[in-house]
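*Asks:* Sharing a structure below in structure tokens format, with a few things to ask.
The values are calculated or read from the model by the stated rules, or taken from the named source; none is laboratory data. As the structure is a computational prediction, the values presented were derived from the model and not from experiment. Ideal geometry is used to build each Cβ from the backbone, glycine not excepted, and the neighbour counts take in all protein chains shown. Just the protein is used for accessible areas: all its heavy atoms, side chains included, with ligands, DNA and RNA removed. Shrake-Rupley method; radii C 1.70, N 1.55, O 1.52, S 1.80 Å.
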Amino acid sequence: MRAALLCLALAAPAAAAPCGGDFGDFLKAMEAEAIAQGTPADKAAEFFAGARQDKKVLKADRSQGVFRKTFLDFSQSLISKGRLSTARSKSESLDAIFARAETEYGVSRGILLAFWAFETDFGQVQGDFNTRNALLTLAHDCRRPELFQPQVLAATQLYALDEFDLDTKGAWAGEIGMVQMLPKDILERGIDGDGDGLILLKTSEADAILSGARMLQHHGWRAGEPWLAEVTLPDGFDWSLTGLDTEKQTEDWIALGVTPRNGALTPGLQASILLPQGRKGPAFLIYPNYRVLFEWNKSFVYVTTAAYFGTRIEGADPYNAGNPDPALSLEAMTALQEKLASLGHDVGKIDGILGAGTRAAVQKEQVRLGLPADGWPTKALLDAL
């Protein structure tokens, strides 16, 4: 049955029902679409019966202030000696599972442990939002129906497979289980790691870890390759070469004086220099696998923190925090984004969050104004604009 439902899911349209409008009518349209995609009619009726909108979900969707933190603040709030110790303990106690993830999917245990730690504190905090209602609320809302309507349909199919309960609880955005995967990812890439015939990411460590590994493999994770290494940059380094838009072979970076703080840099790979808080803060060399992590979470600060924590779990030293210039306030960052947008830069949503688009625009303006072009917004830059 799973194979048949999966074939229908892959052939499904991006959105199945008009967003907005009467919620009851929306539920009827989604139920009809679920049946059309192969969910048995009785299961579809059970799934949609009693569903309701959750205003708390919409509130959470509109206010993701945690990602306005700097890399140093965010990483220091998430990474502790206790969490590092727990991660390493889990690596030992579940060695056979992580060995399977590495052998079968090529994904390092450090990365899987980092996301497991950050997403649910190793399964202890999986969220308290009703997943069915959260998904339907976001699917009905007109901000991102093309993302969430297929997730609803996938959830109905998981329900028909006895792998989803109507009282399932998870994150506000519909992610489920220890590594917080969306229903469509579970349906398409979930792994029955413990051999019980079901894929249950809420209760099975093996299912969760191996499903996460398979998802990363699907999105392009390259076996046996690193993802991030802390580096030291020489005096007089050309800061305009930093950022995600500039890639060079590792050997070329070494020729420019880039040196590792731990171990050796991996030759033969395209890499970029990442300065999360500018030239006065930590510096990292990031490899292609780092970019794959954005398929798990779109936040720059979250992904960079998880990538760094993964290296710590596997033995890297703590980063050199340096002494970065102070971060702009929310008001100042918003004003900066508005100025950058008025100059023709694509900064995405003006939300006070220092994302990839804003960083790239900042660096271009730093070059134009003759400022150190490290992509870190400062009061001096704001004043100069």
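*Asks:* Go through the stretch 230-245 and report how many residues are touching a strand residue (DSSP E or B) at 6+ places or on another chain (Cβ under 6 Å) and either open to solvent by 20 Å² or more (accessible area, probe 1.4 Å) or without any contact (Cβ under 8 Å) to a residue 12 or more places away in the chain (or both).
*Replies:* 2
*Asks:* Just wondering, is there one or more residues in the stretch 303-323 that are free of Cβ contacts under 8 Å to residues at least 40 places away in the same chain and of a type in the set (Phe, Trp, Tyr)?
*Replies:* No, the stretch 303-323 contains no residue that is free of Cβ contacts under 8 Å to residues at least 40 places away in the same chain and of a type in the set (Phe, Trp, Tyr).
*Asks:* So Ala139 ticks every box in (1) open to solvent by less than 50 Å² (accessible area, probe 1.4 Å); (2) modelled with pLDDT under 95 but one. Which box is left unticked?
*Replies:* Unmet condition: (2).
*Asks:* Moving on to the next point. Output the residues belonging to the stretch 85-142 that are more than 25 Å from Arg291 (Cβ to Cβ), in contact (Cβ under 8 Å) with a residue 60 or more places away in the chain and in contact with a Phe, Trp or Tyr (Cβ under 9 Å, 6 or more places away or on another chain). Outline the logic, then answer.
*Replies:* The first filter runs over the stretch 85-142 and keeps only residues more than 25 Å from Arg291 (Cβ to Cβ), leaving 85-86, 88-90, 92-97, 99, 121-142.
If we keep only those that are in contact (Cβ under 8 Å) with a residue 60 or more places away in the chain too, we end up with 88, 94, 97, 123, 126, 129-130, 132-134, 136-142.
Correct list: Gly123, Phe129, Arg132, Ala134, Leu136, Thr137, Leu138, Ala139, His140, Asp141.
*Asks:* A follow-up question, please. State which residue pairs qualify: first residue touching a residue at least 60 places away in the same chain (Cβ under 8 Å) and inside the stretch 206-225, second residue open to solvent by 70 Å² or more (accessible area, probe 1.4 Å) in any location, beta carbons under 6 Å apart, and separation of 6 or more residues or different chains.
*Replies:* Ala206/Asp194; His219/Glu295
*Asks:* Give me a count of the residues in the stretch 263-281 that are within 13 Å of Gly375 (Cα to Cα) and crowded, with 20+ Cβ neighbours inside 10 Å. Give the steps one after another, and end with the answer.
*Replies:* Initial filter on the stretch 263-281 (within 13 Å of Gly375 (Cα to Cα)): 273-281.
Next, only the ones that are crowded, with 20+ Cβ neighbours inside 10 Å stay: 273-278, 281.
Residues that pass the stated criteria total 7.
*Asks:* Which one of Ala154, Ala173 is among the small types (Gly, Ala, Ser) and surrounded by fewer than 24 Cβ atoms within 10 Å (Cβ to Cβ)?
*Replies:* Details: Ala154 fails: surrounded by fewer than 24 Cβ atoms within 10 Å (Cβ to Cβ).
Being among the small types (Gly, Ala, Ser) and surrounded by fewer than 24 Cβ atoms within 10 Å (Cβ to Cβ) holds for just one of Ala154, Ala173, which is Ala173.
*Asks:* Within the set of pairs 6 or more residues apart or between chains, which connect a residue that is under 17 Å from Arg144 (Cα atoms) and in contact (Cβ under 8 Å) with a residue 24 or more places away in the chain inside the stretch 170-198 to a residue that is of a type in the set (Ser, Thr, Tyr) and open to solvent by less than 20 Å² (accessible area, probe 1.4 Å) with Cβ atoms less than 7 Å apart?
*Replies:* Gly174/Thr131
*Asks:* Within the stretch 42-66, which residues are open to solvent by 30 Å² or more (accessible area, probe 1.4 Å) and touching a helix residue (DSSP H, G or I) at 6+ places or on another chain (Cβ under 6 Å)?
*Replies:* Step one: filter the stretch 42-66 for residues open to solvent by 30 Å² or more (accessible area, probe 1.4 Å), giving 42-43, 45-46, 49-50, 52-53, 55-56, 58-59, 62-66.
Lys43, Arg52, Gln53, listed by residue number.
*Asks:* Of Ala208, Ala223, which residue is over 24 Å from Ala139 (Cα atoms), among the aliphatic types (A, V, I, L, M), within 26 Å of the chain's Cα centre (by Cα) and not in a helix (DSSP H, G or I)? Reasoning before the result, please.
*Replies:* Details: Ala208 fails: not in a helix (DSSP H, G or I).
The match here is Ala223.
*Asks:* Hey, another quick one. Being small (Gly, Ala, Ser) and either more than 18 Å from Gly281 (Cβ to Cβ) or buried (at least 19 other Cβ atoms within 10 Å of the Cβ) (or both) is the filter here, so list the residues in the stretch 330-359 that pass it.
*Replies:* First, the residues of the stretch 330-359 that are small (Gly, Ala, Ser): 332, 335, 341-342, 344, 348, 352, 355-357.
Across the stretch 330-359, the qualifying residues are Ala332, Ala335, Ala341, Ser342, Gly344, Gly348, Gly352, Gly357.
*Asks:* Go through (1) surrounded by 17 or more Cβ atoms within 10 Å (Cβ to Cβ); (2) part of a helix (DSSP H, G or I) and name the single condition Glu102 misses.
*Replies:* Glu102 satisfies every listed condition except (1).
*Asks:* Next question, about the same structure. What number of residues within the stretch 209-225 satisfy the criterion of being open to solvent by 30 Å² or more (accessible area, probe 1.4 Å) and closer than 30 Å to Gln363 by Cα? Please lay out each step first, then the result.
*Replies:* First, the residues of the stretch 209-225 that are open to solvent by 30 Å² or more (accessible area, probe 1.4 Å): 214, 217-220, 222-225.
Within this subset, residues satisfying the condition of being closer than 30 Å to Gln363 by Cα are 219-220, 222, 225.
Within the stretch 209-225, residues that are open to solvent by 30 Å² or more (accessible area, probe 1.4 Å) and closer than 30 Å to Gln363 by Cα number 4.
*Asks:* Right, another one. Residue by residue through the stretch 353-385, note down the ones that are in a loop (DSSP other than H, G, I, E, B), modelled with pLDDT under 95 and under 18 Å from Thr304 (Cβ atoms).
*Replies:* Ile353, Leu354, Gly355
*Asks:* Follow-up question, since we're still on this one. Inspect all residues belonging to the stretch 196-208 and state whether any of them is within 21 Å of Ala87 (Cα to Cα) and surrounded by fewer than 17 Cβ atoms within 10 Å (Cβ to Cβ).
*Replies:* At the first step, the residues of the stretch 196-208 found to be within 21 Å of Ala87 (Cα to Cα) are 201-208.
Subsequent filtering for residues that are surrounded by fewer than 17 Cβ atoms within 10 Å (Cβ to Cβ) retains 203.
Looking through the stretch 196-208, at least one residue is within 21 Å of Ala87 (Cα to Cα) and surrounded by fewer than 17 Cβ atoms within 10 Å (Cβ to Cβ).
*Asks:* Could you list, in sequence order, all residues of the stretch 257-301 that are among the hydroxyl-bearing types (Ser, Thr, Tyr) and either over 22 Å from the mean Cα position of the chain (by Cα) or modelled with pLDDT of 95 or more (or both)?
*Replies:* Of all residues in the stretch 257-301, those among the hydroxyl-bearing types (Ser, Thr, Tyr) come to 259, 266, 272, 287, 290, 299.
Thr259, Thr266, Ser272, Tyr287, Tyr290, listed by residue number.
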